[in-house]
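First up is the structure itself, then whatever we jot down about it.
The values are calculated or read from the model by the stated rules, or taken from the named source; none is laboratory data. Quantities reported herein were computed from a predicted structural model and do not represent experimental measurements. Using ideal geometry, Cβ is built from the backbone for each residue, glycine included, and neighbour counts are taken over all protein chains shown. The accessibility values were calculated without ligands, DNA or RNA, using every heavy atom of the protein model including side chains. Shrake-Rupley method; radii C 1.70, N 1.55, O 1.52, S 1.80 Å.
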Amino acid sequence: MVDDQYSGQTGQCVTCGSPIQLPHFAMGVTEQPKPRPERKAAGIGIAAVVAVILVGCLLYAVVRFGGQTVAKISNNRDQTQAVKNLEKIAAALNSYADDHGSYPPPMTVDATNTPLHSWRVLLLPYLGEDELYNQFDLTVPWDHPKNEPLAYSVPSVYEHPRLSSFSESAYYLVTGKGTLFPPTGPLGPNSIVDDPSQTVLVVEAKVPIPSGMWTQPIDLEYAKMSGRLGRNVGVEPGGFFEEGVAMATVDGRGHFVPITIEPVTFRALLTPKGGERLPDDTLD
């Protein structure tokens, strides 16, 4: 579908932005020399033409193979973005633990044990969001008139590609007895007995937050979970993708775990001191 004059040229993928190198397919056409300064405009013109060609290829895919091709591309892109977000959040959680000796508490409370703020607020300085963090009054609850308007300033790393809300997040901790975040207080990386690469730190989930705000201290409860990913939306991780669930482990790596994983295996991934012996390729 590409004319001979563009043989060997480069362009940018209209879907993911990655560079595409067209092969030298035309007879007698060799690699183009680097353009001299006076040919800069011509080079830009060629790049624009190549971009148009790539758009044409995408449209051809729609016509030839139907919307399923484009839907799959979009689905893969969203999965990748969700995993990248979780990797950034995991890195911030580990940085917090390095400074404080443990991970942040799922929520802060006042002297009367009234919930104040989510761990997502405490993590802001470790996500490069110091300016937003400094606007919060941590001595009053998340829904106080001083803090409530700030919920509409959602850090990009908390935005899920499949979530259309202007104030929610889709990334949660799993809390409860036997997890990294037990009632007695959060653990730190040095307290983990199991393999850090097989201990889940943070997950994606579609949880119906009453306020619809990422600042509200709500997370998943281990005691209520069966380990059947994507089956009980609001209780189990998942709900965004039919194939699986994005999550990150203590070692900072992101994963897309298929919903076919055995419930007992997934529950084992949530316990830092369970002593379970899992195959090395459990999350590969």
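If you work out Kirkwood radius over Cα pairs in Å from the coordinates, which of (i) 20.1; (ii) 18.8; (iii) 21.6 do you get?
So the calculated entry is the one marked (iii).
Taking the full set of protein chains and a 1.4 angstrom probe, give the accessible area of S18 in square angstrom, rounded to the nearest 10.
The accessible area comes out at roughly 50 Å².
Determine the sum of side-chain charges near S211: Lys and Arg each +1, Asp and Glu each -1, restricted to other residues whose C-beta is under 11 angstrom from that of S211.
My count for the surroundings of S211 gives -3.
Once every DSSP H run of n ≥ 4 in the chain is given -39500 (n - 2.57) and the sum is divided by its residues, what mean residue ellipticity at 222 nm do you get, rounded to the nearest 500 deg cm²/dmol? Please list the in-between numbers first.
Details: 5 runs with 75 residues, N = 284.
Theoretical 222 nm ellipticity from helices: -8500 deg cm²/dmol.
Of H160, H100, which has the most accessible area and how do the rest follow, probe 1.4 Å?
Greatest to least solvent exposure: H100, H160.
Amide H to amide H, which residues 5 or more places from H160 or on other chains are under 5 Å from it, using H placed in the peptide plane?
Excluding prolines and chain starts, which carry no amide H, the hits are A170.
May I ask what percent, to the nearest 5, of DSSP beta bridges between residues of the chain are antiparallel?
In the chain, approximately 75 percent of DSSP beta bridges are antiparallel ones.
With every protein chain kept in place and ligands, DNA and RNA left out, what is the accessible area per residue of the stretch 153-284? Probe 1.4 Å, answer in Å². Let's see the in-between values first.
Values: 5880 Å² over 132 residues.
Value returned for the stretch 153-284: 45 Å² of accessible area per residue.
In what sequence, largest accessible area first, do F256, F166 appear using a 1.4 Å probe?
F166, F256
Tell me the carbon and sulfur percent of the accessible area for the chain, rounded to whole percent, probe radius 1.4 Å.
54 percent
Ordering L163, L229 from largest to smallest accessible area (1.4 angstrom probe), what's the sequence?
Accessible-area ranking of L163, L229, largest first: L163, L229.
Take a quick pass over the chain and tell me how many lysine pairs come in under 20 angstrom between Cα atoms, counting only ones 8 or more apart or on separate chains. Display every interim value, and only then the final one.
Numbers: K72/K84; K84/K206; K88/K206; K177/K224; K177/K273; K206/K224; K224/K273.
Qualifying lysine pairs in the chain: 7.
Which residues make up the longest stretch of the chain that has no GluC sites (Glu not before Pro) in a DSSP loop with at most 12 other Cβ atoms within 10 Å?
Details: sites that count: E31, E242.
Between the exposed loop sites, the longest stretch runs 32-241.
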